[in-house]
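These notes concern the structure reproduced below.
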Amino acid sequence: MEHFIAGLPKLELHLHIEGTLEPELMFALAARNGLTLPWPDVGAVRAAYEFDNLQSFLDLYYLGASVLIHEQDFFDLTFAYLKRCAADKVVHVEIFFDPQTHTARGIPFEVVLGGIERALQAGEESFGISWRLIMSFLRHLSEEAAFATLAEAEPHLARLHGVGLDSGELGNPPTKFAGVFARARALGLPVVCHAGEEGPAAYIWQAINELQVRRIDHGVRCVDDPELLRYLADTRLPLTVCPLSNVRLKVFEDMGQHNVLTLLEKGLCITINSDDPAYFGGYLGANFEALARDLGASREQLCRLSLNAVEASWLSLADKARLTRDIRAHGACHDALPG
């Protein structure tokens with residue numbers, strides 16, 4: 001199974017680039033930029049990666065991001081992630097970045113975007129990994145702040161592929177951002193939204209009805225609403241599920257309790273992703289391995305999850321057809337999948 005997973009072509013649709021900041025790179029960037037971190041060494045940082053909930057993670061996440069100052073820092077961060085993608089047979093990524101995390105510290109929008117974009121271009125050239133880039137708003141901030149960020153982004157719209165909403169979900173429902181999402185859609189940007197991770201199923205309905213999202217990020221609380229489950233199965237509106245993240249943040253007590261395969265078998269368009277892998281114990285390959293090891297996922301189910309990611313991606317029809325062929329041709333996928 002490990003060999004099968006290693007060779008299975010994969011796509012990642014829910015990844016926060018700031019969440020790929022490994023402690024080793026964090027310390028290297030801090031030294032390069034003359035900063036002092038509140039931990040004595042890499043081991044102390046890793047010891048801090050025991051989270052009670054989403055907020056306890058976010059506190060550390062924003063502190064770690066403070067070492068990202070120059071365009072080269074953002075390049076190094078992103079290219080390091082793409083190297084790991086290449087090792088995991090990830091062939092396409094659609095990643096989030098949080099400009100407000102950086103502009104609030106005085107880092108220009110262009111510096112952030114420039115470094116990430118340059119690395120994505122280099123990764124495509126070096127590893128053949130195609131990509132899309134999604135700008136996310138921080139939901140614990142105001143909608144006015146999101147409007148200001150969107151205004152900053154407007155000169156760069158040709159370099160962005162969509163808009164998302166992340167950060168602390170509880171108390172920050174999607175409806176809070178209905179106005180700025182309407183503006184983003186009017187500018188031609190497709191939208192996605194974190195919903196139904198710690199927040200209730202009602203937040204997923206809000207994301208669907210009020211934000212008009214193309215995908216739901218997380219969405220595991222959909223099981224609390226039978227009507228929502230039917231809607232998601234009927235429409236195939238994708239859910240970008242992050243299993244290791246959900247366990248590390250106590251959405252589920254352990255992987256054995258995770259509902260991802262149940263949702264898959266109910267006909268939902270479930271995809272597998274790593275979220276913030278430097279903090280949550282594994283990149284995309286490790287998430288697939290956890291499904292096989294802890295939930296008994298079959299090769300056929302893993303193939304379907306990868307095919308779902310092709311369906312849910314923002315690739316062209318020609319690229320989707322090519323990747324579908326590649327996945328179906330891989331090992332047991334050829335024998336296990338119908339058609």
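Here, each number is a calculation from the coordinates, and none is a lab measurement. These figures come from a predicted structure and were not determined experimentally. Ideal geometry is used to build each Cβ from the backbone, glycine not excepted, and the neighbour counts take in all protein chains shown.
Is the C-alpha gyration tensor of segment 183-339 telling us rounded, prolate or oblate? Criteria: a/c under 1.5 is rounded; beyond that, a/b larger than b/c is prolate, otherwise oblate. Can you show the working numbers first?
Working: a/c = 1.57, a/b = 1.13, b/c = 1.38.
Verdict is oblate for segment 183-339.
If you check each cysteine of the chain for another cysteine whose beta-carbon is under 4.7 Å away, which ones come up empty?
Flagged as lacking a Cys partner: C85, C193, C222, C242, C269.
Around W314, what is the net charge, scoring Lys/Arg as +1 and Asp/Glu as -1 over all other residues with Cβ under 12 Å from its Cβ?
Working: positive: R132, R214, R215, K320; negative: E94, E311, D319.
Summing Lys and Arg as +1 and Asp and Glu as -1 gives +1.
Expressed as a rounded percentage, what relative contact order does the chain have, with Cα pairs under 8 Å and six or more residues apart? Don't skip to the end; give the middle numbers.
On the way: 572 pairs, mean separation 66.0, N = 339.
Relative contact order here is 19 percent.
In debye, nearest 20, what is the charge dipole magnitude of segment 261-339 about its Cα centre with +1 on Lys and Arg Cβ and -1 on Asp and Glu Cβ, if you could check?
Working: 8 positive and 10 negative charges, 54 e Å.
Around 260 debye, computed over segment 261-339.
Mind ordering 294-300, 278-284 by average Cβ neighbours within 10 Å, highest first?
Numbers: 294-300: 16.1, 278-284: 22.9.
The peptides rank, most packed first, as 278-284, 294-300.
Of the peptides 234-242, 261-269, 1-9, how do they stack up when ordered by the mean number of other Cβ atoms within 10 Å, highest first? Show your work: numbers first, answer last.
Details: 234-242: 20.9, 261-269: 17.8, 1-9: 15.6.
Top to bottom by mean Cβ count within 10 Å: 234-242, 261-269, 1-9.
For segment 148-248, just say rounded, prolate or oblate: build the C-alpha gyration tensor, square-root its eigenvalues into a ≥ b ≥ c, call rounded for a/c under 1.5, and beyond that prolate if a/b exceeds b/c, oblate if not. Can you show the working numbers first?
Details: a/c = 1.90, a/b = 1.68, b/c = 1.13.
The shape class here is prolate.
Between the alpha-carbon centers of segment 269-328 and segment 93-122, tell me the distance in whole angstrom.
Spelled out, the Cα-based centre of one part sits 25 Å from the other.
Summing +1 for each Lys or Arg and -1 for each Asp or Glu, what net charge is found among the other residues whose Cβ lies under 10 Å from the Cβ of V67? Show your work: numbers first, answer last.
Numbers: positive: R32; negative: D73.
Spelling it out: positives minus negatives among the neighbours equals 0.
Does segment 115-183 come out rounded, prolate or oblate by the C-alpha gyration tensor, with a ≥ b ≥ c the root eigenvalues, rounded set by a/c under 1.5 and, if not, prolate when a/b is larger than b/c and oblate if not? Write out the running numbers ahead of the final one.
Numbers: a/c = 3.00, a/b = 1.99, b/c = 1.51.
Judged from the Cα gyration tensor, segment 115-183 comes out prolate (a/c at least 1.5, a/b above b/c).
Check which residues have an amide H placed less than 5 Å from D217's amide H, if you skip close sequence neighbours.
Here the answer is C193, H194, A195, T240, since their amide H atoms fall under 5 Å of that of D217.
Take the cross-link list K10/K176; K89/K266; K10/K266; K83/K176 and give me the ones stretching past 32 Å between alpha-carbons.
Beyond 32 Å: K10/K176; K83/K176.
Could you name the aspartates and glutamates whose alpha carbon sits less than 15 Å from that of K250, not counting residues in the same chain fewer than 8 places away?
Cross-link targets: E50, D52, E169, E197, E198, D275, D276.
Per-residue ellipticity at 222 nm for the chain, helices alone: DSSP H runs ≥ 4 residues times -39500 (n - 2.57), over residue total, nearest 500 deg cm²/dmol? Can you show the working numbers first?
On the way: 18 runs with 173 residues, N = 339.
Result for the chain: -15000 deg cm²/dmol, rounded to the nearest 500.
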